[in-house]
Amino acid sequence: MSNVAILGYGRFGRALGRLFLDAGIPYRAFDSQVDVAPEHRASSPQDLVSGASFVILAMPVPRMYEALSDLRPHLSPNQIVFDVGSVKVVPEAALSSVLGEQIPWCGTHPLFGPVSLALAERPLRVVICPAKAHPNAAAKVRRLYEQIGCEVIEQTPESHDRVMAHTHALTFFVAKGMIDAGAGVDVEFAPPSFQAFSRTIETVRSDGGHLFAAIARDNPFAAEARKELVQALAAIDRTLVAQSGDEATTIATPIAIPDLGERSPELRQAREHIDEIDHAIVRLLAQRAQLQDRAAQAKAALGAPILDGTREGEILAQRRDWANEMRLDGDGTVDVFRAIITMSRRAQRT
C-alpha cells in the first residue's frame with residue numbers, strides 16, 4: 001500500500017486527499033497556514049515525508065522551489081516527488097534543479113478542480129510530464145492516478161504549457177475581462193450563446209478565481225497567447241467600426257467566424273478523406289439496396305415473408321465479430337447495421 005504525503009492543504013490539496021481516501025489510499029498532509037484533521041496531520045515537513053511513497057507538492061508554483069529546497073534533506077531515492085501545478089515548465093525547472101537525478105520526480109497537472117469533483121464530473125484527466133532521468137517514476141505516478149479513477153495523458157512541459165496558454169489561460173483572461181466589464185450581471189434573460197459564457201465565468205469564479213494571476217504569470221507562453229487574442233479582437237473591432245453605417249460594404253465583406261478546417265490543414269485533409277469514405281459508404285448502401293431488392297423479389301417468388309429474424313440475427317452477430325477483429329466498437333457496429341436492416345425493410349415494404 002502506497003502512503004501519500006501532500007505538502008500544501010488548500011482547496012485542491014483537500015479535494016485530492018478525498019480522492020485518495022475514496023480509493024483506500026492513506027495520506028498525510030502538512031500546511032502551516034491551514035488546519036488539517038488530526039488523522040491526516042503531520043507535525044512538520046520532515047514528519048510528513050517520513051515513510052511516504054509519494055510526495056505531492058500542492059502549493060502555488062512560485063513557492064515550489066523554496067519548498068523543495070527545505071524538503072530535500074529529508075527525501076530518499078525510494079520516494080517519488082511530483083507537483084500538481086497548472087503550469088509545467090517552471091515546476092520542472094525547480095524539480096530538476098533541486099532533486100536532479102538523485103530523487104525520482106515528474107510533473108503532473110490534474111485537469112479538474114474542487115468544483116468539478118463536487119459535481120462528480122467525469123472523466124477525470126491528468127497530464128503527466130515524465131522526467132527523462134526518471135521514467136519509472138512517471139510510470140508509478142500514472143498507476144497512482146489510475147487508482148483514483150483518472151485518465152492519464154503524457155506531454156512534455158513545453159507542449160503542455162503551450163496548450164494551456166491557448167485554453168486555460170485564455171479562458172481565465174476572457175472571463176476576467178467579462179467580469180470586469182460587467183457582462184451579464186443581473187440580466188433578466190440571456191440567449192443560449194451567452195449562457196455558455198456565463199457557465200464558464202461562474203466556473204472560473206468558483207473553481208479557481210484565485211489562480212488567475214498565477215496562470216497568467218507563471219505560464220511562459222500565456223503573454224504571447226493574450227497578445228494574439230487582443231490583437232485579433234482589436235482587428236475585429238476596427239473592421240466593425242469601419243463598416244458601421246455602410247450596409248453595402250457590410251454585406252459585401254461580412255465578418256465570418258472561420259471553420260476549424262480553415263485554420264488546420266491537417267484537419268481539413270482529414271475531413272476531406274472522411275467525406276470521400278462517407279461517399280463510398282453511401283454508394284455501397286445504394287448497391288446493397290439493389291441486392292436487397294433482388295432478395296425481396298426472390299422471397300416473393302417463394303412466398304416467404306419480408307422479415308427473416310433468423311437471418312437478421314446471423315447478420316448482426318457476424319458484423320459484430322468483424323468489428324471485434326478490426327478493434328472497432330462491436331455494439332456501435334451492430335447499431336449501424338441494425339439501422340441499415342431497418343432501412344432495407346422499409347424499402348421492401350414500399
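The values are calculated or read from the model by the stated rules, or taken from the named source; none is laboratory data. For clarity, every value in this text was computed on a predicted model and none was experimentally measured. All Cβ positions, glycine included, derive from the backbone under ideal geometry; neighbour counts span all protein chains shown. Heavy atoms of the whole protein, side chains included, go into the accessibility calculation; ligands, DNA and RNA do not. Shrake-Rupley method; radii C 1.70, N 1.55, O 1.52, S 1.80 Å.
Observations on the model:
- Relative contact order (%) - criterion: Cα under 8 Å, at least six apart; region: the chain: 10 percent
- Longest exposed-site-free window of the chain, the sites being trypsin sites (Lys or Arg not before Pro) in a DSSP loop that have at most 15 other C-beta atoms within 10 Å: 133-326
- Among residues other than Val89 with Cβ under 9 Å from its Cβ, the summed charge is -3 (Lys and Arg +1, Asp and Glu -1).
- Solvent-accessible area per residue, Å², over the chain with all protein chains present [probe radius 1.4 Å]: 60 Å²
- For the range 1-129: relative contact order, % (alpha-carbon pairs under 8 angstrom, 6 or more apart): 22 percent
- Net charge of neighbours whose Cβ lies under 14 Å from the Cβ of Met59, counting Lys and Arg as +1 and Asp and Glu as -1: -2
- Cβ-based net charge around Cys129, under 10 Å, with every Lys or Arg adding one and every Asp or Glu removing one: -4
- C-alpha center-to-center spacing [the range 276-320, the range 30-71] in angstrom: 66 Å
- Residue among Ala165, Ala301, Ala175 with the largest mean-square fluctuation in a Gaussian network model of the chain, springs linking Cα atoms under 10 Å: Ala301
- Highest-fluctuation residue, Ala133, Ala52, Ala270 considered, GNM on the chain with Cα pairs under 10 Å: Ala270
- Taking the accessible area of the chain, probe 1.4 Å, and keeping the other protein chains in place, the carbon and sulfur fraction comes to 55%.
- Hits among lysines - C-alpha to C-alpha of Lys132 under 19 Å, sequence gap 8 or more where chains match: Lys88, Lys140
- Selection of GluC sites (Glu not before Pro), the range 273-350, meeting DSSP coil and at most 12 other Cβ within 10 Å: none
- Rel. contact order, % - alpha carbon contacts under 8 angstrom, at least six apart, the range 36-89: 45 percent
- Top of Ala214, Ala280, Ala242 by mean-square fluctuation, Gaussian network on the chain, Cα under 10 Å: Ala280
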